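**Student:** Got a structure for you, questions after.
The values are calculated or read from the model by the stated rules, or taken from the named source; none is laboratory data. Everything quoted here is computed from the prediction, not taken from an experiment. So basically every Cβ, Gly included, is an ideal-geometry build from the backbone, and we count neighbours across all protein chains shown. For the accessible areas, the whole protein counts, side chains as well, though only heavy atoms, and no ligand, DNA or RNA atoms are used. Shrake-Rupley method; radii C 1.70, N 1.55, O 1.52, S 1.80 Å.
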Amino acid sequence: MTQRPDIPLPPPKERRRLREAGALTQAQVAAQVGVARETVRAWESGRTTPHGRKGEAYARLLESLTTPSAEPYEEPSAPRTAAGRTGRHRQPSPSAIATAEAPQPSDALTPAQAFDALYAFCAPALVRQTYLLSGRRELARESVERAFQTAWQRWPEVAVDPDPASWVRATAYEYALSPWHRFRPRYRHPEPPPADAADRALLDVLLTLPPSYRRTLLLHDGVGLGLPETAAETEASTPATANRLLHARQAVAARLPGLADPAALHQRLAEVASAERLRAPRPPTVRLGSERRARFWTRAAIAFTVTIIGATALTVRTAPTRYEPPVPPGETVQGIPPRVAPGTLSDKELKLRKKLRSGTAHGPQRLLPESR
């Protein structure tokens, strides 16, 4: 039996252009093809290439988008969440620590409105994820706030990103895992552990893992990203990411045998994260803090520049224009009697002076000016 050849696909950039021209989101394409939204994003970025039946369905969809008379795609009915948004392709857990599809910034919205929509959609789940990553409630809130402040400062870049939620998530994870927090006075002592014993055991196991293993386990089994997407977000190769995930699962299963199943681990991670009351600040507060931080560092940079210019001008003004040899330190010369201060003459010196004055009368005459 011969294998059926794959249908040729356009380049990755052309795939994304055709989807946007057809007014389709990545979630809509994923629902029609039957894959995850992260898989469609990987196809459009060129990290992976579709094959088999999924590739044929994806190729037929792109081919239909190239036809001018193609009817617009309608997303199939899906369960609605409390906020009125369409649910993901799989049933989420009750606490839902996984971040759903972030709303793409629209041209009809102002930058502040688009930022507030992204923040309201991603911040609650991201705070819970960061808590599982760091084990500290205050650090989790601070990491998410700092990540969104950075996103607001670089909003033109974040707004055009294919997945702004991943951009903010990566920034929050890097800030939470920074090793410099151990030198801060407020983070030198551990926080109170969770009240439930099972939650404490799972959190202790997570915190004993290396940061890279912990992040990989949280992204793959907690958030629900695929292996290529997890490797791309952690900036590692796919084999290295698979190795980290395998060792992290083995470490958790060795301490907690009931969590050897990834589905059970995903459920427990969601329960531990939702047990803590973690609230993020409001979007206007984050934007205001970002603008204040930007103004502070701008003024600090201006003040530092003015200081450097003033110091340079003062140096140029007071610097010598010619070479001046240094004055050597004084040295004591041996064999010469020290100079004494003038004082009264002794009897011997008085006699000598009298003798000299009286002896000049018998010598040659002195030449004295005559007054006329």
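**Student:** What distance in nm separates the simple spin-label points at Glu20 and Ala198, each placed 7 Å from Cα in the Cβ direction?
**Tutor:** Distance between label points: 4.7 nm.
**Student:** Moving on. Can you list the aspartates and glutamates whose alpha carbon is less than 17 Å from that of Lys54, not counting same-chain residues fewer than 8 positions off?
**Tutor:** Leaving aside aspartates and glutamates fewer than 8 places away in the same chain, those within reach of Lys54 are Asp6, Glu38, Glu44, Glu63.
**Student:** Across the stretch 339-354, in residue order, what do the Karplus-derived ³J(HN,Hα) couplings come to in whole Hz, using 6.51 cos²θ - 1.76 cosθ + 1.60 with θ = phi - 60° and x for Gly and Pro?
**Tutor:** Whole-Hz 3J(HN,Hα) from phi for the stretch 339-354: 6, 9, 6, x, x, 5, 7, 7, 5, 5, 6, 5, 5, 5, 5, 5.
**Student:** At a threshold of 8 angstrom on Cα-Cα distance, excluding pairs fewer than six apart, so keeping six or more, what relative contact order does the stretch 139-233 reach in percent?
**Tutor:** 22
**Student:** Under the 0.36 nm per residue contour assumption, what length would be gained going from the current alpha-carbon distance of Ser237 and Ala260 to full extension?
**Tutor:** The Ser237-Ala260 span can extend by a further 5.8 nm.
**Student:** Then there is this: Can you tell me the order of 194-200, 134-140, 215-221 when each peptide is scored by its average per-residue count of other Cβ atoms within 10 angstrom, highest first?
**Tutor:** 215-221, 134-140, 194-200
**Student:** Using a 1.4 angstrom probe and counting only protein chains, how large is the accessible area of Ile309 in Å², to 10?
**Tutor:** Its accessible surface works out to 110 Å², give or take rounding.
**Student:** Which of the peptides 52-60, 263-271 is most tightly packed, and how do the rest follow, going by the mean number of other Cβ atoms within 10 Å of each residue?
**Tutor:** For the peptides 52-60, 263-271, the packing ranking is 263-271, 52-60.
**Student:** With a point put 7 Å past each Cα toward its Cβ, work out how far Trp297 is from Leu350 in nm, to one decimal.
**Tutor:** 9.1
**Student:** Quote the convex hull volume per residue of the stretch 176-229, based on C-alpha atoms, as a whole number of Å³.
**Tutor:** 101
**Student:** What is the list of residues in the stretch 23-49 whose amide nitrogen lies under 16 Å from a point 7 angstrom out from the Cα of Arg60, following Cα to Cβ?
**Tutor:** Counting only backbone N, you get 29-35.
**Student:** Okay, next question. Tell me, what is the 1.4 Å probe accessible area of Ser166, in Å² to the nearest 10?
**Tutor:** Roll a 1.4 Å probe over it and Ser166 shows about 20 Å².
**Student:** What figure in square angstrom, to the nearest 10, would you give for the accessible area of Tyr213 with a 1.4 Å probe?
**Tutor:** Approximately 60 Å² for this residue.
**Student:** Here's a follow-up. For the stretch 15-43 and the stretch 292-353, write down the distance between their C-alpha centroids in whole Å.
**Tutor:** If you average the Cα positions of each part, the centres end up 77 Å apart.
**Student:** At q = 0.18 Å⁻¹, what is the base-10 log of I(q)/I(0) for the stretch 300-363 according to the Debye formula with one equal point scatterer per Cα and no solvent? Please give it to two decimals.
**Tutor:** The Debye formula, applied to the Cα set alone, gives -0.91.
**Student:** Can you compute the modelled spin-label distance between Ala275 and Arg47, with each label point 7 Å from Cα toward Cβ, in nm?
**Tutor:** 3.2
**Student:** Once amide H atoms are built 1.01 Å from N in the peptide plane, which residues 5 or more positions from Leu109, or in another chain, come under 5 Å H to H?
**Tutor:** Excluding prolines and chain starts, which carry no amide H, there are no hits.
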